[in-house]
Amino acid sequence: MTEVFKGKIIKYIKPYFTTQGIDLDYEIRLKKTTHNDEDYIYVLKYIIDYIVGQAPTIVDGQSIAFNSWILKFRLSKENHIYDLYELNQHGTEFVEGVDFSINLMRSQMVVCEKYDSKFKFPFLNQKVVISDGVMDDYPVEAVRYESPEHMTGWWITTDLYNDDVNSLKHVDLSELILKRPDLIKYLALQDGFRFFKSETDYDIWFDDQVLN
């Protein structure tokens, strides 16, 4: 299998998808396991788009945001190539492959498609506004506002919120989703969406007044 994207080649040589012709010292590859071919190709297209658009200098151990998760380039000196690793779902170490990243992305896309929302993936280094109780597994209500680039736009509260905005906290998205992985799949909904999530129930709806 071979595919061309922005003048760069993506080729499958079992068990890896590998780039050819990217403007770096080394090519990039990722290991295929359980997902469909197009999922792995999507990840490499994302990387190629980043390389073509940003013309970065990439070094061993460098990280890159991939939608709502994080990948890392690891140099395989034996093969003279960068392998893609991902942060594991517990946020404790990087492991070879991109399977959790794909699972996360797909779960977000399913929710967006179900509710006719465009995909607006938040990034791990962006901030989320939360109230007391969010990190303690309380039922939450959430709304997404149009916001500056350093913010996801999400405001997430519980019944502990007393309407005093000074009591709200700004936390990194990475901190939130490690504590509340049950919320990840809702967070790519576009501005104007609201959701409610408890241990046993959830609801999602669009509120056009949020954008006024």
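Quick notes
- Criterion: touching a residue at least 40 places away in the same chain (Cβ under 8 Å), exposed (fewer than 15 other Cβ atoms within 10 Å of the Cβ), farther than 22 Å from Leu87 by Cα and under 19 Å from the mean Cα position of the chain (by Cα) - qualifying residue of Lys118, Lys169: Lys118
- Those residues of the stretch 150-181 which are in a loop (DSSP other than H, G, I, E, B) and at pLDDT 95 or above, in sequence order: His150, Thr158, Asp159, Leu160, Tyr161, Leu168
- Test: residue in the stretch 71-89 that is surrounded by 15 or more Cβ atoms within 10 Å (Cβ to Cβ) and part of a loop (DSSP other than H, G, I, E, B): yes
- Boolean, Ile64 is more than 17 Å from Ile13 (Cβ to Cβ), among the hydrophobic types (A, V, I, L, M, F, W, C) and more than 15 Å from the chain's Cα centre (by Cα): no
- Residue within the stretch 25-35 that is of a type outside the set (Ser, Thr, Tyr) and farther than 21 Å from Glu78 by Cα present: yes
- Inter-residue pairs, beta-carbon under 9 Å, first under 18 Å from Asp60 (Cβ atoms) and in the stretch 11-30, second small (Gly, Ala, Ser) and surrounded by fewer than 16 Cβ atoms within 10 Å (Cβ to Cβ), 6+ apart: Asp23/Ala55; Tyr26/Ser76; Glu27/Gly21; Arg29/Ser76
- Residue within the stretch 135-142 that is open to solvent by 60 Å² or more (accessible area, probe 1.4 Å), over 15 Å from Asp191 (Cβ atoms), assigned to a strand (DSSP E or B) and free of Cβ contacts under 8 Å to residues at least 60 places away in the same chain present: yes
- Of the residues making up the stretch 13-67, those that are open to solvent by 70 Å² or more (accessible area, probe 1.4 Å) and among the aliphatic types (A, V, I, L, M) are Ile13, Val52, Ala55, Val59.
- Number of the condition not met by Ser63 [criteria: (1) modelled with pLDDT under 95; (2) touching a Lys or Arg at 6+ places or on another chain (Cβ under 6 Å); (3) within 26 Å of Phe206 (Cα to Cα)]: (3)
- The stretch 90-115, subset within 19 Å of Tyr145 (Cβ to Cβ) and out of contact with any helix residue (DSSP H, G or I) (no Cβ under 8 Å at 6 or more places or on another chain), residue surrounded by the fewest Cβ atoms within 10 Å (Cβ to Cβ): Tyr115
- Residue match in the stretch 95-113 (condition: in a loop (DSSP other than H, G, I, E, B) and more than 27 Å from Leu30 (Cα to Cα)): no
- First in the stretch 191-207 and in a loop (DSSP other than H, G, I, E, B), second anywhere and among the polar types (S, T, N, Q) and surrounded by 15 or more Cβ atoms within 10 Å (Cβ to Cβ), Cβ under 9 Å, 6 or more apart: Asp191/Ser147; Gly192/Ser117
The values are calculated or read from the model by the stated rules, or taken from the named source; none is laboratory data. Note that the structure is a prediction, hence the values are computed from the model and not measured. Reconstructed Cβ throughout: ideal geometry from the backbone, glycine too, with neighbour counts over all protein chains shown. Note: accessible area is taken over every heavy atom of the protein model, side chains too, but ligands, DNA and RNA are not part of it. Shrake-Rupley method; radii C 1.70, N 1.55, O 1.52, S 1.80 Å.
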